[in-house]
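The values are calculated or read from the model by the stated rules, or taken from the named source; none is laboratory data. The model shown is predicted, which means the values in this text are computed figures rather than measured ones. Positions of Cβ are generated from backbone atoms using ideal geometry, with glycine treated the same way; all protein chains shown enter the neighbour counts. Quick note on the areas: whole protein, heavy atoms, side chains included, nothing else; ligands and nucleic acids left out. Shrake-Rupley method; radii C 1.70, N 1.55, O 1.52, S 1.80 Å.
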Amino acid sequence: MTKIIQAFNRWYEKIVFDRPVIVLIGLILCVAVLGYHAMDFRIDASADALLLKNDKDLRYSRLIVERYGINDFLLISYSPKNGDLLSQNTLDTLERLQNDLRKLDLVESVLTIMDVPLLESPPISYEDISKEIPTLKTATIDKNLARIELKESPFYKDLLVSSSMRTTAILVNLKPDLTYTQLLNQRNDYFDKKAMGRFSREDAAALDTVVEQIRTLQIQINELQHTNIAQVRTIIDRYQPEAEIYLGGITMISDDMITFIKNDLKFFGVGVFFLLVFMLGILFKNMRWIIIPMLCCFLAVICMMGVLGALEWDVTVISSNFVSLQLIITLAIVVHLVVRYREFQKTHPGADGRTLVKETVRKKFVPCLYATLTTIAGFSSLILCDIKPVINFGWMMSIGILFSLSLTFLLFPSVAILLKKPSPPKPPKFFRWSLTNALAQFTENHGKIILIITALLSIFVASGIYRLNVENSFIDYFKKSTEIYQGMAAIDQQLGGTTPLDVIVQFDSIEPEEAFLEEDDEFADPFDEPDQEENGDKYWFMEDRMELIEEVHDYLDGLEGTGKVLSLGTLLKIGKRINHGKALDSLEMAVLYTKLPDEYKNLILLPYVSFENNETRFALRIVDSMKGLNRNALLKKIKHDLVHQLHIDSDKLRLTGTMVMYNNMLQSLYTSQIKTLGIVALVLLVMFFLLFRSIKLAFIALFPNLFSAGVVLGVMGWLNIPLDMMTITIAAISIGIAVDDTIHYIYRFREEIKADGNYMKTLYRCHNSIGHAMFYTSITIIIGFSILVFSNFWPTIYFGLFTSLAMLIALIASLTLLPQLLVVFKPFGPDC
């Protein structure tokens, strides 16, 4: 091993120190190539990018979507400023808005209150249902009765109109991309083959082709959807003088999340960059120590973006902060080099520039390498997840950290050697220099207090972590002052909720002849056999089925947290209203089904019944803005109650839809992150042992890292900030940040204690040397990332706050707790 290291050192010196110009040319070419591939870098916030690829519920959800013809849609809330939904002026405006929306290429249809059938304005009997059913466009419609019907209808209230009758919904159905759906089905078929062990090389090649086609098409679809949503907003803006209008829908949320993330990356990326430049200028007061660190950071990010583009790894909302994290890690490495260079310059004022650079690199390469390897281990928990974007995030950080290390140790010495030796640093006059010394004095004089405070904080941390919960509320991602929040809140609270959830109930098969004779003995003719092919569906409506459907519908409608519920039960309630308050029996339902025009059958019946599969669908929307809603508990409660209270066989009941998919993703992510923290701790312990060759020192190094991550999670728990798909990676990030300070401090401590074997004197020397680098790095990043609190996107705000908190806790722990543990346990032997 020693020979390998010596050989590497000779090669490194020969290449970097002897041929710095060639190294820089090589770096320029490498950056140019990767910069070209960086043009393929993209952000993907689509739902499919975040779901578990091996999730059986995902497959079932796609089956239900295909079976019931559920397409993507946009939902527009429209509140006329004159307050009257049914005034002729409002209806004329709605019709113009509808016609404008219909002209868009991606819009399949637009449904408004003017298009829906009105069965009670004036009332019609179910026997006359086959005749032309009036709408608000019908000249003979009674608007007073229509107002009552819309407000009280089991189908329309809280769906098409709010309970106050001041807001109506416009449903914009989007055209499905059949090619994309077919490609997804092909991909899933190959996944099934792979799971069953029947996956050949030809299948692998075909799967790669399909995946590439999906990605290419997904890019096109995202661009088209973004354009379409922008066009919808442009149309809406023209009607804002006449009404208060908001846009909603899952497609819109995904598109807006991408827009928010991109804007934050651009605006705050520039802001963070200039704040970092400002802080480096204050700390070092030398242009070279501003340019070299920021050049390393900039090129490392460009290279990593190029790698992501070349590998076609899309950045999702989960991994969107990788740029900021790479800035942190790269800056930390460079600042350690700069501080060490300046130390050598003070202690060896006669040394030339080449010698100073060579000694700096020689002293800092090993600790930086150790810090890199252990930071990668800190992010390893992400790779253990089942969600591909999270796995990719783990690999992104691992590869990015290696890029940061490699590029810094090539660029820094090459540029520093070519530049003229800088003037010696002036003696420090600012409090920043004395702060590390003050912390050393505090550690010496109050070591026991540090341990007591740590123990008390550990209790605080443990109780905070116990309070953590997992939730995913889209509306809570945005500030209340933003248009997207206000629109989602309006739709959520006035028009029946936001997040879709489907409950599917299957029934036992029964022959049409049996149903006909059993349900209608009075009217049945034993010699008249029904036409099973043409009329079999109408015999589906048996008494016990309809009773169960109404019971399930009423149960779901009565749950706290559910908004609008639509099902066959909705039609049964409508039938009861038009049948003078008397429930329709199976024969009357069969008649209603036969007479109902196809246009309305497709609207209020077929989306909720599958005759072929002998099942019924209950379509719910969850009130996303409801405070204290526990989505995982709600899903468990629904399944438990339907099985144990309404006595539905568990194998005939399925919950599916967006809410189930995201809940599965969150629960998997929570389990993988929280449970694998123990594995990460074990990995770090092993790595610390391998690095320092001491089990005692390994445990000493491990505790501050776990403590720093624990404090961040504990604070989140006490502040009731849930772990969701945006904040779940905080633990891995905290460990990754804390590891850097721990490694550098212990490595320097081990080096310095050889001078006199005195722990306390070594502590002071470390605080006033490596402590400066740790402080510079931390304070620069904390102030630089403080700008993120001005974002309108709460995940960006949380990232800035908790990253800064992790940096602060890691710094304090490394300059108080860590040295106190070293002094108490004396892993390098007794004091001399």
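Among all the lysines, which ones have a C-alpha under 27 Å from residue 696's C-alpha, if same-chain residues fewer than 8 places away are not counted?
363, 364, 448, 675, 754, 761, 826
Measuring from label point to label point, each 7 Å out along Cα→Cβ, what is the residue 755 to residue 198 span in nm?
According to this spin-label approximation, the distance is 7.2 nm.
Relative contact order of the range 115-193, please, whole-number percent, based on alpha carbon pairs below 8 angstrom and at least 6 residues apart.
Values: 53 pairs, mean separation 15.8, N = 79.
Once divided by the residue count of the range 115-193, the mean separation gives 20 percent.
Just the number: Rg to Rh for the range 63-132, Cα atoms, Kirkwood Rh, two decimals.
On the Cα set of the range 63-132, Rg over Rh gives 1.05.
Suppose R0 equals 30 Å; then what is the FRET efficiency for residue 481 and residue 163 from their Cβ-Cβ distance, rounded to the nearest 0.05? Walk me through the numbers before you get to the answer.
On the way: r = 26 Å, r/R0 = 0.87.
That gives a FRET efficiency of 0.70.
Would you calculate the convex hull of the Cα atoms in the range 93-227 and tell me its volume per residue in Å³?
186 Å³
Given the Cα-Cα distance of residue 458 and residue 278 and 0.36 nm per residue of separation, how much length would full extension add, in nm?
Working: separation 180, 0.36 × 180 = 64.80 nm, distance 3.59 nm.
Answer, rounded to one decimal: 61.2 nm.
At a 1.4 Å probe radius, which order do 659, 39 fall into by accessible area, largest first?
On the way: 659 10, 39 135 Å².
These residues rank, largest area first, as 39, 659.
What is the set of long-range amide H partners of residue 108 at a cut-off below 5 Å, with H atoms built 1.01 Å from backbone N?
Correct list: 173, 174, 175.
Pick out the long, greasy-scoring helices in the chain: whole DSSP H runs spanning 24 Å or more along their own axis by Cα, mean Kyte-Doolittle at least 0.5.
Working: long enough: 20-37 (26 Å, 2.38); 178-195 (26 Å, -1.18); 201-239 (57 Å, -0.32); 250-284 (48 Å, 1.55); 288-311 (34 Å, 2.23); 322-347 (38 Å, 1.04); 353-378 (36 Å, 0.23); 388-418 (44 Å, 1.61); 447-466 (29 Å, 2.04); 658-692 (49 Å, 1.41); 695-718 (34 Å, 1.69); 730-752 (34 Å, 0.38); 794-812 (27 Å, 1.76).
Those that clear 24 Å and a mean of 0.5 are 20-37, 250-284, 288-311, 322-347, 388-418, 447-466, 658-692, 695-718, 794-812.
With a point put 7 Å past each Cα toward its Cβ, work out how far residue 824 is from residue 39 in nm, to one decimal.
Computed distance between label sites residue 824 and residue 39 equals 5.9 nm.
Express in nm, to one decimal, how much length is gained between residue 613 and residue 88 on full extension, taking 0.36 nm for each residue of separation and deducting their alpha carbon distance. Kindly include the intermediate steps, with their values, before the conclusion.
Numbers: separation 525, 0.36 × 525 = 189.00 nm, distance 4.43 nm.
The span from residue 613 to residue 88 would gain 184.6 nm if fully extended.
Apply the Kirkwood formula to the range 259-362: the hydrodynamic radius equals the inverse of the mean of 1/r over all pairs of different alpha-carbon atoms; give it in Å with one decimal.
Details: mean 1/r = 0.0647 Å⁻¹.
Radius from the Kirkwood sum: 15.5 Å.
Taking +1 at the Cβ of each Lys and Arg and -1 at the Cβ of each Asp and Glu, which of 336, 27, 558 sits farthest along the dipole of the chain towards its positive end, judged by Cα position relative to the Cα centre?
Positive-most Cα among the choices belongs to 336.
Could you sort out which of 56/639; 480/639; 576/601; 346/421 sit more than 22 Å apart by Cα distance in this structure?
Checking Cα-Cα distances, 480/639 exceed 22 Å.
Pull up all non-local amide H partners of residue 19: gap of 5 or more, or a different chain, and H-to-H distance under 5 Å with H placed in the peptide plane.
none
Give me the accessible area per residue for the range 77-126, probe 1.4 Å, as a whole number in Å².
Numbers: 1920 Å² over 50 residues.
Counting only protein heavy atoms, the per-residue value for the range 77-126 is 38 Å².
Quick query: amide H of residue 42 versus all other amide H atoms, modeled in the peptide plane; which residues come in under 5 Å with a sequence gap of 5 or more or a different chain?
Excluding prolines and chain starts, which carry no amide H, the hits are 315.
Which of the GluC sites (Glu not before Pro) across the range 583-678 are loop residues per DSSP, with 11 or fewer other Cβ within 10 Å? Can you show the working numbers first?
Numbers: sites: 588, 599, 612, 615; in loops: 612.
Here the sparse-neighbourhood loop sites are 612.
Treating the beta-carbon of each Lys and Arg as +1 and of each Asp and Glu as -1, no other charges, what is the dipole magnitude of the chain about its Cα centre, to the nearest 20 debye? Display every interim value, and only then the final one.
Details: 79 positive and 91 negative charges, 1763 e Å.
Dipole about the Cα centre, nearest 20: 8460 debye.
In debye, nearest 20, what is the charge dipole magnitude of the range 343-409 about its Cα centre with +1 on Lys and Arg Cβ and -1 on Asp and Glu Cβ, if you could check?
Working: 7 positive and 4 negative charges, 41 e Å.
Taking the Cα centre of the range 343-409 as origin, the dipole is about 200 debye.
Students often forget the sequence filter, so: which lysines lie under 21 Å Cα-Cα from residue 266 once same-chain residues fewer than 8 apart are removed?
Once the sequence-local lysines are set aside, what remains near residue 266 is 479.
Using packing as a proxy for protection, rank 164-175, 319-330, 90-101 so that the peptide with the highest average count of other Cβ atoms within 10 Å comes first.
Values: 164-175: 19.1, 319-330: 24.3, 90-101: 17.2.
The densest-packed peptide leads the list: 319-330, 164-175, 90-101.
Quick one: what does P(r) look like for the range 185-341 with 10 Å bins over all Cα pairs, in whole %?
For the range 185-341, the binned pair fractions read 8, 24, 23, 21, 16, 8, 1 percent.
Charges at C-beta only: +1 for Lys and Arg, -1 for Asp and Glu. How large is the resulting dipole of the range 228-381 about its Cα centre, in Debye rounded to 20?
Working: 14 positive and 11 negative charges, 255 e Å.
The calculated dipole for the range 228-381 is roughly 1220 debye.
Sorted by accessible area with a 1.4 angstrom probe, largest first, how do 63, 571 fall? Working shown, then result.
Details: 63 75, 571 10 Å².
Solvent-accessible surface, decreasing: 63, 571.
In whole Hz, with x marking every Gly and Pro, tabulate ³J(HN,Hα) for the range 496-504 from phi via Karplus 6.51 cos²θ - 1.76 cosθ + 1.60, θ = phi - 60°.
The phi angles translate into x, x, 10, 7, x, 9, 10, 10, 10 Hz.
Could you tell me what percent of the DSSP beta bridges with both partners in the chain are antiparallel, to the nearest 5?
Values: 36 of 39 bridges.
Roughly 90 percent of the DSSP beta bridges within the chain come out antiparallel.
Name the residue farthest towards the positive end of the dipole of the range 326-414 from the options 377, 392, 414, assuming +1 on Cβ of Lys and Arg, -1 on Cβ of Asp and Glu, about the Cα centre.
414
Which whole-number percent is the relative contact order of the range 674-745 (Cα, under 8 Å, 6+ apart)?
Details: 40 pairs, mean separation 21.6, N = 72.
Once normalised by length, the contact order is 30 percent.
At 0.36 nm per residue, minus the direct Cα-Cα distance, what do residue 15 and residue 644 gain on full extension? Give it in nm, one decimal, please. Provide the component values of the computation, followed by the final result.
Details: separation 629, 0.36 × 629 = 226.44 nm, distance 7.36 nm.
Result: 219.1 nm gained on full extension.
Taking +1 at the Cβ of each Lys and Arg and -1 at the Cβ of each Asp and Glu, which of 321, 297, 282 sits farthest along the dipole of the range 229-331 towards its positive end, judged by Cα position relative to the Cα centre?
The residue sitting farthest along the positive end of the dipole is 282.
With 10 Å bins from zero, work out the P(r) of the chain over every alpha carbon pair and list the percent per bin.
Whole-percent P(r) values from 0 Å outward: 2, 11, 19, 20, 16, 12, 9, 6, 3, 1, 0, 0.
Based on DSSP, what percent of beta bridges with both residues in the range 52-202 are antiparallel, to the nearest 5?
Numbers: 12 of 13 bridges.
Once the DSSP bridges in the range 52-202 are tallied, antiparallel ones form about 90 percent.
Please report, as a whole percent, how much of the solvent-accessible surface of the chain comes from carbon and sulfur atoms (probe radius 1.4 Å). Intermediate results must be reported in sequence, preceding the final value.
Details: 21200 of 36070 Å².
The nonpolar share, carbon plus sulfur, comes to 59 percent.
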